[in-house]
Ligand SMILES: Nc1nc2c(ncn2[C@@H]2O[C@H](COP(=O)(O)OP(=O)(O)OP(=O)(O)O)[C@@H](O)[C@H]2O)c(=O)[nH]1
Ligand SMILES: [Mg+2]
């Protein structure tokens, strides 16, 4: 039972390439004003010391430099990041938030089409006689989904999003504007969401793992080799098969038990990472407070009540802290240095403080422990499904064309 079979395959692919850069493309989706754009800005700001010089690009000029306003059309920013000795070509795609009613369906279908289009590019490349060896990986590897925090459990929109997008991309649920929620409210939202997603709906979010009963028997018998067993581990998208309401399947407890077995047997590092993820999801996020005139982050020192000024521009190498370039996984920001955060009359909340929210954990998962799993999962599960569906469609079209063209010979 080798959980990390996925990442082993990927590591092989990466090593055999000349370019050691891994591509990670993340899309931000959710209701309007849930904090998507602010999160993107906070992430870019937090990583600015790790961006390899000259690699920052934006599809819409100055998009991160203006004061924040509702996003009207999809845009992206990309950069090459170096963290923990790993290089990642990171692209973040921001989307307009959806409002209730008819337009949710319309907007979601647009996002789904955008994701499918990236698969189509690969399929077109694969079917060329001469392939471009420098073709980029434009697949969307993760969808950070800002859940509706106004209801307990899942809203109708949440269900629809997870159903539609969970069959084509790894959906990572998050709770935006976590500073507006008390500790108890956060815990209720988290536990309500987890229970409904994993135990009731068995919804296809990232981390939902299903293991066939049959495979469990084989594993218990111990008469199959590890790689064979690992191949039998199945991540399934219930929504796509229309089974999301079925009450059978793996509960969160069952998934955790399965992962724990992988760890006990093989000290499997991917299973460790998945266990850590399941312990946190959905992630609470807090984004920085911006200067309303410039859009730059307010300079906030945790203990100071003095007036504050904006940080320097993205890409400037200033020494503000809280945006440390240190490779250590999660830092508690220093008490005297400026941090990215939000100031209230009674306290300062810090985006990067693990006691305040899960921002640092999400960043670490995306760029570190889950990066390769997200990529392999996208290629082996979602792209493969898209590819086979397209090829089947094409074959069906060909057969249909042949039939209509074949002259009917009467006897
Ligand atoms: N208190 C608090 N406010 C936030 C946070 N993140 C964003 N905001 C504020 O919420 C408002 C909307 O934030 P955006 O990031 O533009 O939200 P969005 O989801 O991108 O909205 P659309 O582009 O319309 O879909 C802005 O005024 C932000 O300053 C947060 O973590 N805490
Ligand atoms: Mg926005």
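Here are the numbers for the structure shown:
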{"quantity": "Estimated FRET transfer efficiency (residue 263, residue 185; beta-carbon r; R0 45 Å; 0.05)", "calculated": "0.90"}
{"quantity": "Cβ crowding within 10 Å averaged over residues, with 121-131, 252-262 ranked highest first", "calculated": "252-262, 121-131"}
{"quantity": "P(r), alpha carbons of segment 44-128 - 10 Å bins starting at zero, rounded %", "calculated": "14, 34, 34, 17, 2"}
{"quantity": "Segment 20-163 - Kirkwood radius from inverse mean 1/r over Cα pairs (Å)", "calculated": "16.7"}
{"quantity": "Approximate spin-label separation residue 132-residue 56, in nm, with each point projected 7 Å along Cα-to-Cβ", "calculated": "2.7"}
{"quantity": "Peptides 345-354, 170-179, 63-72 ordered by average Cβ neighbours within 10 Å, highest first", "calculated": "170-179, 345-354, 63-72"}
{"quantity": "Among 386-395, 189-198, the order from most to least packed when residues are scored by Cβ within 10 Å on average", "calculated": "189-198, 386-395"}
{"quantity": "Segment 70-114-segment 24-49 distance, computed between alpha-carbon centres (Å)", "calculated": "9"}
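Read the figures in this text as sums done on the coordinates, not as results from a lab. What you see is a predicted model, and the numbers here were worked out from it, not measured in a lab. Neighbour counts are summed over all protein chains in view; Cβ atoms, including those assigned to glycine, are modelled from backbone coordinates with ideal geometry.
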